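Shown next, in structure tokens, is the structure this report addresses.
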Amino acid sequence: MLRERDRILLLCAHSASGTRGFAELAQTAARSARGQLTCSCVLPDGVGPGGVPLPVLRDGRGKFRA
């Protein structure tokens, strides 16, 4: 992920319901960055992406949210 040459936007949620609006937000941000943006979703283990069409990164130890 850190090898990306584009900017990176990490969208974080504690539950699947918290991901509502992520797809639209990522699309708007990418458009504003003229496509030079990589968006990913950070979720704790055991939480599904809720239909968000973004790559999911797992925060298995909860360190990211801390």
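The values are calculated or read from the model by the stated rules, or taken from the named source; none is laboratory data. Because the structure is a prediction, the values reported are computed rather than measured. Cβ atoms come from the backbone with ideal geometry, glycine included; neighbour counts cover every protein chain shown. For accessibility, only protein heavy atoms count, side chains too; no ligands or nucleic acids. Shrake-Rupley method; radii C 1.70, N 1.55, O 1.52, S 1.80 Å.
See the values below:
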read-out: Long-range amide H partners of LEU57 with built H, under 5 Å; value: CYS41, VAL42, LEU43
read-out: Cα-based helix-to-principal-axis angle, 22-32 vs the chain, degrees rounded to 10; value: 20
read-out: The range 5-56 - percent of accessible surface contributed by carbon and sulfur, probe 1.4 Å; value: 50
read-out: Three-way shape label, the chain, alpha-carbon gyration tensor, a/c 1.5; value: oblate
read-out: Most positive-pole-ward Cα, THR19, ALA33, ILE8, against dipole of the range 3-45 from beta carbon charges; value: ALA33
read-out: Built amide H within the under 5 Å cut-off of LEU9, gap 5+; value: THR38, CYS39, SER40
read-out: Virtual spin-label span in nm between LYS63 and ASP45, 7 Å along Cα→Cβ; value: 1.4
